[in-house]
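Engineer: Before I ask anything, let me first share the structure, which is written out below as structure tokens.
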Amino acid sequence: MVQNIMIETHELTRTFGRGEAAVHALCDVSFSIRTGEFAAVTGESVSGKTTLLNILGSLDTPTSGTVRACGQDLTRMSDNQLAAYRRKNIGFIFQNYNLIPVLNVEENIVLPLNLDNTPPDMQFLEELLEVTGLTAKRRSFPHELSGGQQQRVAFARALIHKPDIILADEPTGNLDSRNSREIIAILKNSIRKYNQTLVLITHDPSIAAQADRIFRMTDGRLTEEGIG
């Protein structure tokens, strides 16, 4: 594993609202993750986990503090620069699959590239379809797939542009135990093969235990619990 820093935050805060109604979602969060690491973030609901993930993925901006990722200071970028950074460097996987109903499996996977007017690497597409077990389903539509298969489409879509960072928010939350194990196995294989960095939010201790490092979010504060 290359030991350079891929993600680093310093005294990161995020506050919603003002005065007595203010909600401090993140409080002085400082941590770093190296290239190729799998970091799991656990914690109760509304503890700040998703807010942290959204800021790491440039879907939200901090109230104060700094975020560096892929060698760039996200807090100094314009909205257009952040959008370009996000398209190039980040692969998102959410609990809800967010597939487009009128597009088939292959069309859903390559959608991010089409939106960016970038032709797909067809050899890599075939590899993703094979790894996710979707080759025979490439012409199927979302309503014809199981939940596990839909999440695999979402996974392939997150990887199609070969991002440096994968951000996963409860990616197995809607899946049974067998499909959960298979999705995590695919993710772990991907980060090893392509030297990607994975930050994954989960409530499942068995999933967190597979990570290289485990963090816990409590009332907006992040602490490292140890090695998985």
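Just so you know, all these numbers are worked out from the coordinates, no wet-lab data involved. In this text, all values refer to a predicted model and were calculated from it rather than measured experimentally. All Cβ positions, even for glycine, are placed from backbone atoms using ideal geometry, and neighbour counts span all protein chains on display.
Engineer: Run the quick spin-label model on residue 121 and residue 143: label points 7 Å from Cα toward the beta carbon, then report their separation in nm to one decimal.
Structural biologist: 3.5
Engineer: Same structure, new question: Just name one of 140, 94, 160: the one whose Cα is farthest towards the positive end of the charge dipole of the range 87-213 (beta-carbon charges, Lys/Arg +1, Asp/Glu -1).
Structural biologist: Ranked along the dipole, the leading option is 160.
Engineer: I would also like to ask the following. When Lys and Arg each count +1 and Asp and Glu each count -1, what net charge do the other residues less than 11 Å away from residue 32, Cβ to Cβ, add up to?
Structural biologist: Once all neighbours under 11 Å are counted, the net charge is 0.
Engineer: Additional query: Report the number of Lys pairs in the chain whose alpha-carbons are under 19 Å apart, with separation of 8 or more residues or on distinct chains. Show your work: numbers first, answer last.
Structural biologist: Values: 88/162; 88/193; 162/188; 162/193.
Lysine pair count for the chain: 4.
Engineer: Return the whole-Å distance between the Cα centroid of the range 63-91 and the Cα centroid of the range 1-33.
Structural biologist: Distance between centres, Cα-based: 14 Å.
Engineer: Of all DSSP beta bridges located in the chain, what percent are antiparallel, nearest 5?
Structural biologist: On the way: 20 of 39 bridges.
The antiparallel fraction comes to roughly 50 percent.
Engineer: Which FRET efficiency, nearest 0.05, do residue 193 and residue 88 yield, Cβ-Cβ r, R0 22 Å? Working shown, then result.
Structural biologist: On the way: r = 20 Å, r/R0 = 0.89.
For residue 193 and residue 88, the calculated efficiency is 0.65.
Engineer: Using 0.36 nm per residue, how much length does the chain from residue 102 to residue 21 gain when fully extended, once their Cα-Cα distance is taken away? Kindly include the intermediate steps, with their values, before the conclusion.
Structural biologist: Values: separation 81, 0.36 × 81 = 29.16 nm, distance 4.19 nm.
Length gained between residue 102 and residue 21: 25.0 nm.
Engineer: Excluding residue 217 itself, calculate the net charge of residues whose Cβ lies under 14 Å from the Cβ of residue 217, where each Lys or Arg counts +1 and each Asp or Glu counts -1. It would help to have the intermediate numbers written out before the result.
Structural biologist: Values: positive: 14, 49, 213, 216, 221; negative: 28, 44, 169, 170, 219, 224, 225.
Within the 14 Å Cβ shell, the charges total -2.
Engineer: Under 5 Å between amide H atoms, partner at least 5 residues away or on a different chain: which partners does residue 26 have, H built in plane at 1.01 Å?
Structural biologist: 14
Engineer: Another question about this same structure. At R0 = 45 Å, how high is the FRET efficiency between residue 111 and residue 221 if r is their beta carbon distance? Nearest 0.05 is fine.
Structural biologist: Values: r = 37 Å, r/R0 = 0.82.
In this case the efficiency is close to 0.75.
Engineer: Next up: Using only the alpha-carbon atoms, how far is helix 105-115 inclined from the longest principal axis of the chain? Give it as 0 to 90 degrees, nearest 10.
Structural biologist: Long axis of 105-115 versus the principal axis of the chain: about 50 degrees.
Engineer: If you fit an axis through the alpha-carbon atoms of helix 122-131 and take the longest principal axis of the Cα set of the chain, what angle between them do you get, 0 to 90°, nearest 10?
Structural biologist: Once rounded, one gets 80 degrees.
Engineer: Kindly express, to the nearest 10 degrees and within the range 0 to 90, the angle between helix 79-89's C-alpha long axis and the longest C-alpha principal axis of the chain.
Structural biologist: 50
Engineer: Could you tally the net charge around residue 203, taking each other residue with its Cβ under 12 Å from the Cβ of residue 203, Lys/Arg +1 and Asp/Glu -1? Kindly include the intermediate steps, with their values, before the conclusion.
Structural biologist: Numbers: positive: 49, 216; negative: 44, 169, 170, 204.
So the surrounding residues net to -2.
Engineer: Still on this structure, please answer the following. For a quick check: with amide H placed at 1.01 Å from N, whose amide H comes under 5 Å from residue 34's, ignoring anything fewer than 5 positions away on the same chain?
Structural biologist: 6
Engineer: Would you compute, from DSSP H runs of 4+ residues alone, the mean residue ellipticity of the chain at 222 nm, taking -39500 (n - 2.57) per run and dividing by the full residue count, rounded to the nearest 500? If you can, show how the numbers build up before the last one.
Structural biologist: Working: 7 runs with 75 residues, N = 228.
Estimated from H runs of four or more residues: -10000 deg cm²/dmol.
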